[in-house]
Every structure is written in structure tokens, then in C-alpha cells.
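Let me begin by presenting the structure, written as C-alpha cells, before commenting on it.
The values are calculated or read from the model by the stated rules, or taken from the named source; none is laboratory data. On a predicted model such as this, the values are computed, not experimentally measured, just so you know. Don't worry about glycine lacking a Cβ; one is built from the backbone with ideal geometry, like all the others, and counts go over all protein chains shown. Remember, those area values only see protein heavy atoms, side chains included, never the ligands or the DNA or RNA. Shrake-Rupley method; radii C 1.70, N 1.55, O 1.52, S 1.80 Å.
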Amino acid sequence: MNLNLDLLPLIRNMMFRKLFPFLFAVLFLAGCDSDLKDQIKQRDNKITALTSERNSLKADLEKSQAQMLQLQAQLDEINQAGQPTEADKALQAGLKKSFAKEMQDGQMEIGSERRRTYLQLDEAVFFGSGSAAPRPGGIRILEKLAKELKKHQGYYVVVEGHTDKMPISQRLRLKFASNLELSATRATSVSYYLQNELKVRMPMIAVAYGPLFEAATNKTSKGRAKNRRVRVTLVPVGEKPI
């Protein structure tokens, strides 16, 4: 059977029309497949990057938590070290018992600051006006203090001399050039008496502050009397004494 040659172009045209959508679909799907693979690759790369970042953040978090626990342990140790020990409590209890009358009469104040125990002595009880020599009442206080200190070990004895802000009188300037010198002489006198006369075998430091640190106002006679004082602080060995 012979086909009319004139029909061949028509047949080819019809076949092309039928095949074109198929070819287009194949090419489109091939393009989509390539895009899909690229998207999958990008997604996998992103997942890998996020996983790496997560692991890094997790490691940083664990490191930070370990550092926090270490710092907390150090803080607990510092806080524990600053708390009064049984020895500190025994020292404070003994002093308060020995000086119960002086505390009741307002001649002495006993207190504590963390592990430090202090006794604040009224200058009027301890020294005569313009004098650095302890009065008999002051000596009795030192004797009681020495007796109590000999029961305990492991402390520095820091003796501080304080004055008011009133200028040294013309009469006293023959002995003391200033309030600072007066406070130094009184602090040294107390520490010398404890160490040499009463045989307290503890490291001892005398410190002069003069009018530098006020305990009360200097505008009234009552306030100035509170500023004229001797303070004895018992500092555990190992801490800075002043």
C-alpha cells in the first residue's frame, strides 16, 4: 500500500504534536528532579550545620554549668570560712560571761563581725583625762581579759586607739603633739600591759586612728565621750589583722 507523499508532513506534524507534551513532561520532570535534589542537598547541609551548632551549644552549656557549680562550691567555701567556728563562739561566750557587769553598766560593748570578736572599752573607765596610763579600773578589766584570752589560741590581738575631734589642749601638747599620738600611746599602753605584765602570748598589734573613725557625733559631749575609746579585736590567725 502506497502512502501519498503529500500526507507525510501532515503525519509528522500530528506525531510531533502528540509527542511534544510527553517530551515536555519528561524534560520538566527532569528539571524538577534536579531542583528537588538541590533542595534536598541544601536541606541536608542545613541540618548538618544546625546539628553541629546544637552540639557546640550543648558543649558550651555543659561547660558553663560545670563552671557555675565550681564557682558555687568556692562561694560556699568562702561563706563557710567566714562563719564563726565553735572556737569563736566559745571565745565570745566566755568574754560576755566575764564582762556581764561591765556590759550591763554600759562600760563595755562586746560584739562580732563574722569571725572577728571585738570589745569596745569606754575611755573614761580606762584612762584619766589626757593620760595614757590605765586606771585601776582599766587594769582590772585587762586582768579579766587576759585570763579569758589565755583559754584560747589562734587569734591576733589588735588594739585600736580612738579619740574625738577636739584639739589637744595646750597643756597636753607637752606630752602629745596630736590626737593621733594620744591614741597611739594609749593603744600601745594596753597592748604592752597585756603582753608584758599579764603574759598574754598572742600576736599583738597596736593601731592608732585618732579621730578618723567616729562612733558618734562630735557635736555633743556625749558623742565625743563615745568617740574616745579603745577597741580590742580578736582576729583569727590566717586572716588579715587590719
- Note on the structure: Restricted to the stretch 125-138 and to residues being open to solvent by 10 Å² or more (accessible area, probe 1.4 Å) and touching a Gly at 6+ places or on another chain (Cβ under 7 Å), the residue modelled with the lowest pLDDT is V125
- Mind checking whether some residue in the stretch 108-121 is over 26 Å from A184 (Cα atoms) and open to solvent by 60 Å² or more (accessible area, probe 1.4 Å)? yes
- Item | Options R231, R140: the member that is within 21 Å of A100 (Cα to Cα) and within 28 Å of the chain's Cα centre (by Cα) | R231
- State which residue pairs qualify: first residue under 19 Å from T185 (Cα atoms) and inside the stretch 213-242, second residue among the aromatic types (F, W, Y) in any location, beta carbons under 7 Å apart, and separation of 6 or more residues or different chains. V230/F126; R231/Y118; V232/Y118; T233/Y118
- Query: If only one of L174, L198 is at negative phi, more than 30 Å from the chain's Cα centre (by Cα) and without any contact (Cβ under 8 Å) to a residue 24 or more places away in the chain, which one is it?
  - Reply: L174
- Message: Given the condition under 23 Å from Q153 (Cα atoms), at pLDDT 80 or above and open to solvent by less than 80 Å² (accessible area, probe 1.4 Å), answer yes or no: does some residue in the stretch 67-84 qualify?
- Response: yes
- Message: I need the full set of residues from the stretch 77-116 which are in a strand (DSSP E or B) and either touching a Phe, Trp or Tyr at 6+ places or on another chain (Cβ under 8 Å) or of a type in the set (D, E) (or both), in order please.
- Response: M108, E109, I110, G111, S112, E113
